[in-house]
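K.L.:
Below you will find the structure I want to go over with you.
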Amino acid sequence: LQPNSLEMVGGAALIALGVLLNIWAERLFRWGATGVCPFSPATVLVKRGPFKLSRNPMYLGFIAISVGVTLATGVFPNIWISVAFAIWLHYAYVLPEEDFMHDQFGADYEHYTKRVPRWMLFK
């Protein structure tokens with residue numbers, strides 16, 4: 001099956017959004033002179049830009065790219081890959097990173113988690 005033009009445009013938009021989110025978040029980490037890679041030393045708690053909407057904008061970017069590829073190719077049964085990827089990221093990185101960040105920043109991180117959801121709409 002060939003994707004229609006709406007699917008291709010929507011997929012391309014999600015891919016572009018994911019790439020832009022990742023670049024923006026990565027740049028904020030670099031400007032803050034803090035580690036970009038998971039569990040690398042964190043010298044500052046980045047709370048601006050996309051980090052005002054989600055504690056995990058880079059992971060959201062990865063999921064947007066994955067869903068975008070599914071949409072752009074028109075192979076909708078492959079959406080399970082994005083779902084499985086999101087679940088894996090959540091348990092392998094998001095939850096352990098939250099413990100790591102709490103250890104690094106204590107009460108400041110705790111206040112941040114009360115204001116900003118993990119995955120945009122979901123606490």
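The values are calculated or read from the model by the stated rules, or taken from the named source; none is laboratory data. Model, not experiment: these values are computed from the prediction. Ideal geometry is used to build each Cβ from the backbone, glycine not excepted, and the neighbour counts take in all protein chains shown. Ligands, DNA and RNA are excluded from the accessible area calculation, which covers all protein heavy atoms including side chains. Shrake-Rupley method; radii C 1.70, N 1.55, O 1.52, S 1.80 Å.
K.L.:
Going by Cα centres, region 4-33 and region 43-72 are how many Å apart?
P.N.:
For region 4-33 versus region 43-72, the Cα centre distance is 8 Å.
K.L.:
So which trypsin sites (Lys or Arg not before Pro) in region 7-80 end up in coil per DSSP with only 14 or fewer other C-beta atoms within 10 Å?
P.N.:
Filter output for region 7-80: Arg48.
K.L.:
Scan the chain and note any complete DSSP helix (H) whose C-alpha atoms cover at least 27 Å along its axis and whose Kyte-Doolittle average is 0.0 or more. Mind showing how you got there, number by number?
P.N.:
Numbers: long enough: 5-31 (38 Å, 1.07).
Those that pass (Cα extent of 27 Å or more, hydropathy at least 0.0) are 5-31.
K.L.:
Rolling a 1.4 Å sphere over the protein heavy atoms, what is the accessible area per residue of region 29-123, to the nearest Å²?
P.N.:
Roughly 58 Å² per residue, with all protein chains present.
K.L.:
Okay, helix-only estimate at 222 nm for the chain: each DSSP H run of n ≥ 4 adds -39500 (n - 2.57), divide by all residues, round to 500 deg cm²/dmol; what do you get?
P.N.:
-20000 deg cm²/dmol, from helical runs alone.
K.L.:
Mean separation of Cα pairs under 8 Å and 6+ residues apart, divided by the residue count of the chain: what relative contact order is that in percent?
P.N.:
Once normalised by length, the contact order is 35 percent.
K.L.:
Something else: Rounded to the nearest 0.05, what FRET efficiency is calculated for Leu20 and Tyr93 with R0 set to 30 Å and r the Cβ-Cβ distance? List each step's numbers first, then the result.
P.N.:
On the way: r = 21 Å, r/R0 = 0.69.
The formula returns an efficiency of 0.90 here.
K.L.:
Per residue, what volume in Å³ does the convex hull of the Cα atoms of the chain enclose? Display every interim value, and only then the final one.
P.N.:
Working: hull volume 11.5 nm³, N = 123.
Taking the convex hull of the Cα positions in the chain, it is 93 Å³ per residue.
K.L.:
Considering only protein heavy atoms and a probe of 1.4 Å, how much of the accessible area of the chain is carbon and sulfur, as a whole percent?
P.N.:
71
K.L.:
Averaging the inverse of every distinct alpha carbon separation and then flipping it gives the Kirkwood radius. What is it for region 1-42, in angstrom units?
P.N.:
12.2
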